[in-house]
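Working notes, structure below.
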Amino acid sequence: MRPTMVGLPTRHRGHPHTMLRSRSGSPLLRRALGAALLYLLAGQTDAAAQTRWNVDPKASLAWWQMSPNLNHLWATTCPEEPTWRPGEGRSTGWSLHGLSPSQTGYAGVADTINVPLYPRWEALPLCTEAVHGHVVVADPVTWLAVRGEVVVKAEALITGHAERDAYTRKAILETTQYKDIKFTIDSVVGVARSADTVRGTAVGMFTLRNVSRPMTAVVEAWPEAGGLRVLAKFRVMASLLTTDYGLSKYALGLGVGARIWHDLFMGADLLLHRDETPAKD
């Protein structure tokens, strides 16, 4: 079976970045923001101009979340983000940042809507530098000629439970041998624009533990913080972690063996800045 893509949360559902941006949603401002996005993408009036955008590692993060998440199966590379919180069974020393604790304990309720559970309000430059990469846009009008890659340091993904994280690095991801998780972008299809926002589907290859498989991810982008904010998300059936990506069925335990886990979601929340030097690849 093939991995499936899943839609990003739409802004009318009341997610944090939705509420933040809706405060300045006048038609005039939205038209101005839309024009700014096209300018950022094009870099100049020549629509055929090729521009390169680099990931800002201090303001970018990656994450994963299992469904059902059992109120503890999610991780981030940026626990410094004030809207994020660890799940049940977290190690001491973690702050909930004023958020209420879970009311359902370790209940196995499947959730494919609230993914990720704790999206951030804005791209702040306070993250551990665990994500890097670039995107080259050859045609900012259609977005069809897009390529690039996003690379994540596997050992930087944390759940907030020290023993669980150490076990994940050693027995599951084997981060001393497989240091990076990568998504390579070959193109973006189904591009649509709405005011200041561009949406589409990134087509490429997902690499985990040096195993690469075709993958599609939904993406959403808009101008923010002097650059381009990009959200991306995709879904992999949990059973494929062992059959396709070679993770140890023994190490994953009952989650996969007893089919408790249904789907693994992965994604990134990136801030890209335009590279003023000519793109070479």
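The values are calculated or read from the model by the stated rules, or taken from the named source; none is laboratory data. Remember, it's a predicted structure, so these values are computed and weren't measured experimentally. Backbone-built Cβ (ideal geometry, glycine too); neighbour counts: all protein chains shown.
A few notes on this one:
- Residue list for segment 207-247, filter: more than 19 Å from Asp180 (Cβ to Cβ) and small (Gly, Ala, Ser): Ala221, Ala225, Gly226, Gly227, Ala238, Ser239
- Some residue of segment 256-266 being in a helix (DSSP H, G or I) and under 28 Å from Thr201 (Cβ atoms): yes
- Considering Val203, Val146, Val211, the condition of being in contact (Cβ under 8 Å) with a residue 24 or more places away in the chain and surrounded by 15 or more Cβ atoms within 10 Å (Cβ to Cβ) is satisfied by Val146 alone.
- Of residues in segment 170-201 being within 15 Å of Asp139 (Cβ to Cβ) and of a type in the set (A, V, I, L, M), the one nearest to the chain's Cα centre (by Cα): Ile185
- Residue in segment 219-227 that is surrounded by 20 or more Cβ atoms within 10 Å (Cβ to Cβ), in contact with a helix residue (DSSP H, G or I) (Cβ under 8 Å, 6 or more places away or on another chain) and part of a loop (DSSP other than H, G, I, E, B) present: no
- Remark: Asp196 falls outside the filter, which requires a residue to be farther than 19 Å from Thr159 by Cβ and at pLDDT 95 or above.
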